Amino acid sequence: MEKLVSIIVPCRNEENYIGALIESFLNQDYPSEKIELLIMDGMSDDNTRNVIKQYSNDHPLIQLIDNPKKYAPFALNKGIQSSKGEIIIIFGAHAEADKDFIKENVKAMEQSNDIGCTGGIIENIYTNKTAEIIGLAMSSPFGVGNAHFRTGNKIGYVDTVAFGAYKQIVFEKAGYFDEDLIRNQDDEFNFRIIKNGFKIYLSQNIRSKYHVRGSFTNLFQQYYQYGYWKVYVSKKHKTVTTTRQLIPLLFVLFLIIGVILSMLNQHISWLFLLILGIYTTLALIFASKQTSRYDKIFKVTFSFFLLHLSYGLGYFVGIIHFLMFNKKPSKKSQGLTR
């Protein structure tokens, strides 16, 4: 007998995407009476709420629930507390689920009692040419390291997934999402469930699609916030949650120190340029694996640089704010980016 599955979607001002998301769950290869779709709206002031209401009038599995605090962790926790499912899926408003998304999550979860969370591979949807370039960079291990849900180069146990499906017991043992975290709340929660003895399983049979940001400015803001909030997470847990988070920081420190020392010593300047040249060469090689078009290769290389620079800068500022001066997160860092 199929398990009851609850899908929780935080959203705000998503009129251009929310319809496609809803349709993807209405068309699942899974009994509709075993699905509830809880859309946690952060008081949208566009047409998002009307779109949701139109669907909910025809489909009782869809519920519109207000999230007056607007931010994702509040939406997630309120959704979990309102849900009835044995399995709870956290999903993004800019994404769409493949037709067997729920079925494959349930199937993957049944492989072992140790598995508390399952997830799959994200395929990119491009809204413009810039989004395509960004998506190519984010699908490369050079761009995002061992974020296997983006690169698709691993099956098995991992440290985190996007759009995770969780057993209800996970929340009973590990608690809920940290409402202090405007960013990185899913990574932090996944770190916590592993500490509580659960495993996270990545299956290539679980597929979803994601509408990639179509602006380099938005990409920079997004990854700057990721880096900034990652330090806050590390401070809370008094540990570095993943080693890959340090690499962009080291890259930024290399740039800062390298420029300063190059002004003082010519030999250091040549060494600095040599290492920067090696980085650029590697970026070009990995970019050429993503596309064969020369114009796109250079743009993907630029995207690599932007990903590493923005995350590393955010991390660097986070160290100053949280570790050196013991500050609270800045109001600017809490801005919604889309």
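FYI, it's all coordinate maths here, none of it is from the lab. Here the structure is a predicted model, which means the values were calculated and not measured. All Cβ positions, even for glycine, are placed from backbone atoms using ideal geometry, and neighbour counts span all protein chains on display.
Summary table
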| item | result |
| --- | --- |
| Per-region count, the stretch 148-186, residues farther than 22 Å from K238 by Cα, under 14 Å from the mean Cα position of the chain (by Cα) and either assigned to a helix (DSSP H, G or I) or without any contact (Cβ under 8 Å) to a residue 12 or more places away in the chain (or both) | 4 |
| Within the stretch 20-38, considering residues that are surrounded by 16 or more Cβ atoms within 10 Å (Cβ to Cβ) and free of Cβ contacts under 8 Å to residues at least 40 places away in the same chain, the one nearest to I80 (Cα to Cα) | L37 |
| Qualifying residue in the stretch 257-271 (condition: free of Cβ contacts under 8 Å to residues at least 60 places away in the same chain, assigned to a helix (DSSP H, G or I) and under 26 Å from N326 (Cβ atoms)) | yes |
| Residues of the stretch 78-102 that turn out to be more than 28 Å from V144 (Cα to Cα) and not in a loop (DSSP other than H, G, I, E, B), as a count | 6 |
| The stretch 272-306 - residue that is among the basic types (K, R) and in a helix (DSSP H, G or I) and, of those, surrounded by the most Cβ atoms within 10 Å (Cβ to Cβ) | K299 |
| Matching residues in the stretch 86-138 - criterion: being hydroxyl-bearing (S, T, Y) and buried (at least 20 other Cβ atoms within 10 Å of the Cβ) | T118 |
| Filter result for the condition that a residue is polar (S, T, N, Q), more than 29 Å from N105 (Cα to Cα) and buried (at least 19 other Cβ atoms within 10 Å of the Cβ), over S234, S203, S215 | S234 |
| Count - residues of the stretch 313-327 that are outside any loop (DSSP other than H, G, I, E, B) and without any contact (Cβ under 8 Å) to a residue 24 or more places away in the chain | 2 |
| Number of positions in the stretch 242-286 that are touching a Ser or Thr at 6+ places or on another chain (Cβ under 6 Å) and more than 23 Å from F298 (Cβ to Cβ) | 3 |
| Top-ranked residue of the stretch 187-246 - restricted to ones that are assigned to a helix (DSSP H, G or I) and among the basic types (K, R), ranked as nearest to A72 (Cα to Cα) | K230 |
